[in-house]
Amino acid sequence: MKKSLTLLMIVALMGMLTLAGCSGSSKPADPPKESGGTTTPEPEKAESFDVVIRHINVRDTAKAMLKQLEEVSAATEKEVPGLKFKLDGVEDTVNRDVKLKAEMTSGTQPPLFNLFGGDDTIKYAKAGRLLALNDMLTELGIADAFFNLREFTVDGKIYGLPESGYIEGFFYNKKLFEDAGVTVPKTWDELLAVCEALKAKGITPIAMGDGSGDGWVANMLVNSLFVGLGGPALQDGFATGATKWTDPAVVEALKRVQDLKNKGYIDPNVLGLKYSQGQANFYTGKAAMLFDGSWAANAITGDTSTVKDVSGFFRLPDVGGPGDGYINGGWSNGFGVSANLKENELKAVKAFIKNWYNVEQQKRSLIESSRIPAMKGVSNVEGATELVKSLGESQGSAKGAFPAFDALVQKSVKVTLEQTVQELLGGKITPEKAAERMQQAQEKAIKEGK
């Protein structure tokens, strides 16, 4: 685990790459007259066919990734006669929890689609909806090119490929910290002191939008807290019943999040804001901190950001438990392939994977979208931004990484925690009752196998 983190730190300390290409063509000469007048017949025109690519690059902050996807798709179309890709953009939560879920039930999933690792992959693989990619990866020569495929692997078979890596922690506004006379906190008590100082200056300490449809947002902080307090092994046992949601570390994590809200350290309108709105409150300078994934760096350094030159990053401060020093990070989100492909669709998907999953494209997504590479070998790139450097330093100095809880538990448990934490933030349930509800949901999921 540490080796992977060190590699990613090196990647994040690197900068920019200029990609260039060239092409050319020539027209063959007419056959000589003395050849008897015969000419070589033109090859038959390939029959056209469409292949859908379901992606989640629909927000303004994902424009660079969408452009990259469009260009790689266009290049692949030129390689495969008759191929026409149709890019189907769907918001990530809608894709994961509504659209793809229904398609998997009916067997109508697209040929290539955004897929989340962990429980989603396990469930869809066991239902026979996903294509095992082991042979394809070997054929393409990239079987050992990824840092970690754990979350997409079921019984030794690989059913998905991550697009990039991620870590989660606090983005912060250096200028607002300086104005309030505070520095990066190393402990939970220091974090509370920072929040109090910011609040006293009339600054919202922590931006967050956890409104309808975005209940996963607050759970990033909840997840890091209960692992910090209970250790990484705590969440590994939820799905099997080896550990319980009523564990003191989980209850304490819920108490601390509720405390942040009650003290006014989290945006008081947290339940009235969408994820993107909460994020915008940070990158327009209205809030001093944002607990988010490294993917947010793209928005924070984007054209509409007013804090691109004063933003930094730090992992969750020590909270007094066995998980101190670890960071929530991994490779959970990428592409899956339908098990129902026709021969020409399989050829198209294979060509796309060859063109999308390579070092050059990984470098490009790092440079243009601040995405941490999922593949090895990204090196010799100069000019990294200070924010990307701080992401790499936080990742590389961590003791280790742990995956997001929702990559480990059943989908119904994930949904229950989203609803429950929203009620917690709204003051409608106590931490103790919230933990009891979670344990009941977990036991039900284990019993029903879903």
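The values are calculated or read from the model by the stated rules, or taken from the named source; none is laboratory data. Because the structure is a prediction, the values reported are computed rather than measured. As a convention, Cβ positions derive from the backbone with ideal geometry for all residues, glycine included, and neighbour counts pool all protein chains shown. These accessible areas exclude ligands, DNA and RNA; they are computed on the full protein's heavy atoms, side chains included. Shrake-Rupley method; radii C 1.70, N 1.55, O 1.52, S 1.80 Å.
Going by the structure shown, is Ser212 open to solvent by 30 Å² or more (accessible area, probe 1.4 Å), at pLDDT below 95 and touching a helix residue (DSSP H, G or I) at 6+ places or on another chain (Cβ under 9 Å)?
Yes, satisfied.
Quick grid of which residues meet (1) over 17 Å from Phe402 (Cα atoms); (2) without any contact (Cβ under 8 Å) to a residue 60 or more places away in the chain:
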residue	(1), (2)
Ser276	yes, no
Phe282	yes, no
Gly285	yes, no
Gly293	no, no
Gly302	yes, no
Thr306	yes, yes
Phe313	yes, no
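Please state which of the following conditions Val388 fails to meet, knowing it meets all the rest: (1) open to solvent by less than 20 Å² (accessible area, probe 1.4 Å); (2) closer than 30 Å to Gly209 by Cβ; (3) at pLDDT 85 or above.
Here Val388 clears every test but (3).
Tell me which residues, restricted to region 355-384, are in a strand (DSSP E or B), surrounded by fewer than 22 Cβ atoms within 10 Å (Cβ to Cβ) and either at pLDDT 85 or above or touching a helix residue (DSSP H, G or I) at 6+ places or on another chain (Cβ under 6 Å) (or both).
Once the filter is applied, which keeps residues that are in a strand (DSSP E or B), surrounded by fewer than 22 Cβ atoms within 10 Å (Cβ to Cβ) and either at pLDDT 85 or above or touching a helix residue (DSSP H, G or I) at 6+ places or on another chain (Cβ under 6 Å) (or both), region 355-384 yields nothing.
Which members of region 404-419 meet the condition of being of a type outside the set (A, V, I, L, M) and surrounded by fewer than 23 Cβ atoms within 10 Å (Cβ to Cβ)?
Lys411, Ser412, Thr416, Glu418, Gln419
Within the set of pairs 6+ apart or on separate chains, which have a first residue in region 210-238 that is free of Cβ contacts under 8 Å to residues at least 12 places away in the same chain, a second that is open to solvent by 10 Å² or more (accessible area, probe 1.4 Å) and of a type outside the set (D, E, K, R), and C-beta atoms under 6 Å apart?
From residues that are free of Cβ contacts under 8 Å to residues at least 12 places away in the same chain, the pairs are Gly237/Thr243.
Please find, within region 116-141, the residue that is least open to solvent (accessible area, probe 1.4 Å) out of those that are assigned to a loop (DSSP other than H, G, I, E, B) and hydrophobic (A, V, I, L, M, F, W, C).
Applying the filter and picking the extreme gives Leu133.
Of the numbered conditions (1) open to solvent by 10 Å² or more (accessible area, probe 1.4 Å); (2) closer than 15 Å to Leu316 by Cβ; (3) not in a strand (DSSP E or B), Tyr166 satisfies every one except a single condition; which is it?
(3)
Could you list all residues from region 142-160 that are surrounded by 13 or more Cβ atoms within 10 Å (Cβ to Cβ) and among the charged types (D, E, K, R)?
Selection gives Arg150, Glu151, Lys157.
Please tell me if Leu290 is open to solvent by 20 Å² or more (accessible area, probe 1.4 Å), modelled with pLDDT of 95 or more and among the aliphatic types (A, V, I, L, M).
no
Inspect all residues belonging to region 94-112 and state whether any of them is open to solvent by 40 Å² or more (accessible area, probe 1.4 Å), within 27 Å of Tyr275 (Cβ to Cβ), polar (S, T, N, Q) and touching a residue at least 24 places away in the same chain (Cβ under 8 Å).
no
Output the residue which, of all residues in region 304-349 that are surrounded by fewer than 17 Cβ atoms within 10 Å (Cβ to Cβ) and acidic (Asp, Glu), is farthest from Glu190 (Cα to Cα).
Only one residue tops the list, namely Glu343.
How many of the residues in region 413-450 are within 19 Å of Gly213 (Cα to Cα) and charged (D, E, K, R)?
4
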